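Notes follow the structure.
Just so it is clear, none of the values below were taken in a lab; they were calculated from the coordinates. Please read these numbers as outputs of a predicted model, since none were measured by experiment. Glycine also receives a Cβ, built like all others from the backbone with ideal geometry; neighbour counts cover every protein chain displayed.
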Amino acid sequence: MSAAATLIWLAQGYCMIGAVVALAFLTIGMDRIDEDARGAYAFRPLLVPAILLIWPLVLWRWLREETGRADHSARYAPPRKAHGLAAIFMAVLIVAALLASFAVRQTWPADLPPTQISAPETSE
């Protein structure tokens, strides 16, 4: 089995597991963990592509909700201390990238004569 065939096989397996999780979550799990989703079936097919890709996160969140270990007070409170550090880091990184681009700017060699490029000859 080649490397490409192995990667395709792994991607198909990942998506198949995601399809099983999507089917289980959208039919059973969503009604149990979100009371606002009860009876709302029209939007559920729109969630299938996302669940196919992030099914480990869906399973983890579903398990936390079912076991009662979900901390709802911290759900909408992001870690704001890290946001400030990330903003400073990104600003420094942008300035460093800009300065590096000016430092490594390539110059065209002035001593090379220009070469005229002509169309390829066709034989008829």
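Using only Cα atoms, tell me the angle between helix 44-53 and the longest principal axis of the chain; keep it within 0 to 90° and round to the nearest 10. Approximately 60 degrees, to the nearest ten.
Available extension along the chain between His83 and Leu98 is 3.1 nm, counting 0.36 nm per residue and deducting the alpha carbon span. Here the label points at Glu65 and Ser123, each 7 Å from Cα along the C-beta direction, are separated by 7.1 nm in the simple model.
The residue list Pro45, Thr67, Tyr14 was ranked by how far each Cα lies along the charge dipole of segment 3-74 toward its positive end, using unit charges on Cβ atoms, and Tyr14 comes out on top.
Note on Cα extents along the principal axes in Å: of the candidates (1) 75, 55, 33; (2) 50, 39, 23; (3) 42, 31, 20, the value calculated from this structure sits at (1). Put in order of Cβ neighbour count within 10 Å, fewest first, the listed residues Asp36, Asp31 become Asp36, Asp31.
Residues within the reach of a label modelled at Arg32 (point 7 angstrom out along Cα to beta-carbon, backbone nitrogen below 18 Å), restricted to segment 51-72, are 55-71.
Per-residue Karplus couplings for segment 81-90, computed as 6.51 cos²θ - 1.76 cosθ + 1.60 with θ equal to phi - 60°, are listed in order as 5, 5, 5, x, 5, 5, 5, 5, 4, 5 Hz, Gly and Pro entered as x.
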